[in-house]
Amino acid sequence: MTMRQLSLITTLSVMLVVSTAALAGEKPTLDELKAEVVAALDGLAAEIETGWPVAPDSLPARLRAYLDAHGAFYGAAVAVLGDDGKAVASPYVYRAGGGYKTLDLAAPSYGLETQGWFTRPLAAKAGTWTEPYFDEGGGGVWMITRSVPVLRGNRIFAVVTTDLAVER
């Protein structure tokens, strides 16, 4: 069984647990939502790795579809890294006013290279969670972010993220 197949099975299992709770009228716990994020984001990372290279301008539509499939997720991004390891594009799609807004977090005004959600998975070469933070210049809400580096061999060529809005 491939990593992509395992990721899909895990994603479907977690979605079943969360959906069952929702059908029973229960709001999923933060731990259940975090488990759904881990499974779904690992699947998205595997999908991006398998389909690489992709045009950065095709990523916002893919992120909107990802958020459509996961109604509890607030936002998602893909930071695309150049050969020098610096972000060349970072489309970010998040929920706003019953629809979606899209930003490029690689814009100098955002300071992507100083953001923990971006730097920690690069250093760890593994998925990481942030502590709650207010995303000034991005989603504009209190959130936690799961970030996963996408690797080919030893080279990280992207970082994918999912945000959950949280109460402060």
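The values are calculated or read from the model by the stated rules, or taken from the named source; none is laboratory data. Computed from a prediction, not measured in an experiment: that's the story for all the values here. Cβ coordinates were reconstructed from backbone atoms using ideal geometry, including for glycine residues, and neighbour counts include every protein chain displayed.
Worth pointing out:
- In summary, strands (runs of 3 or more DSSP E) completely within the stretch 27-116 and bearing 1 or more residues that are closer than 14 Å to T161 by Cβ and touching an Asp or Glu at 6+ places or on another chain (Cβ under 9 Å) occur at 75-81, 87-89, 91-96.
- Filtering the stretch 124-139 to residues that are of a type in the set (G, A, S), closer than 16 Å to L112 by Cβ and either surrounded by fewer than 17 Cβ atoms within 10 Å (Cβ to Cβ) or in contact with a Gly (Cβ under 6 Å, 6 or more places away or on another chain) (or both) leaves G137, G139.
- Evaluation of L63 against (1) in contact with a Gly (Cβ under 9 Å, 6 or more places away or on another chain); (2) farther than 20 Å from A40 by Cα (one fails), failing number: (2)
- Scan the stretch 46-81 for residues that are surrounded by fewer than 16 Cβ atoms within 10 Å (Cβ to Cβ) and among the aromatic types (F, W, Y) and the total you get is 1.
- Filtering T162, T119, T128 for residues that are under 16 Å from the mean Cα position of the chain (by Cα) and free of Cβ contacts under 8 Å to residues at least 12 places away in the same chain leaves a single hit, T119.
- Answer from A96, A87, A107 - the residue that is buried (at least 16 other Cβ atoms within 10 Å of the Cβ) and either farther than 17 Å from P56 by Cβ or at pLDDT 90 or above (or both): A87
Here is a yes/no grid of residues against (1) touching a strand residue (DSSP E or B) at 6+ places or on another chain (Cβ under 7 Å); (2) of a type outside the set (S, T, N, Q); (3) within 25 Å of P108 (Cα to Cα):
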{"residue": "V37", "(1), (2), (3)": "yes, yes, no"}
{"residue": "G43", "(1), (2), (3)": "no, yes, no"}
{"residue": "A65", "(1), (2), (3)": "no, yes, no"}
{"residue": "D68", "(1), (2), (3)": "no, yes, no"}
{"residue": "G75", "(1), (2), (3)": "yes, yes, yes"}
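- Any hit, the stretch 21-28, residues being farther than 24 Å from L151 by Cβ, modelled with pLDDT of 90 or more and either touching a Cys at 6+ places or on another chain (Cβ under 9 Å) or surrounded by fewer than 11 Cβ atoms within 10 Å (Cβ to Cβ) (or both): no
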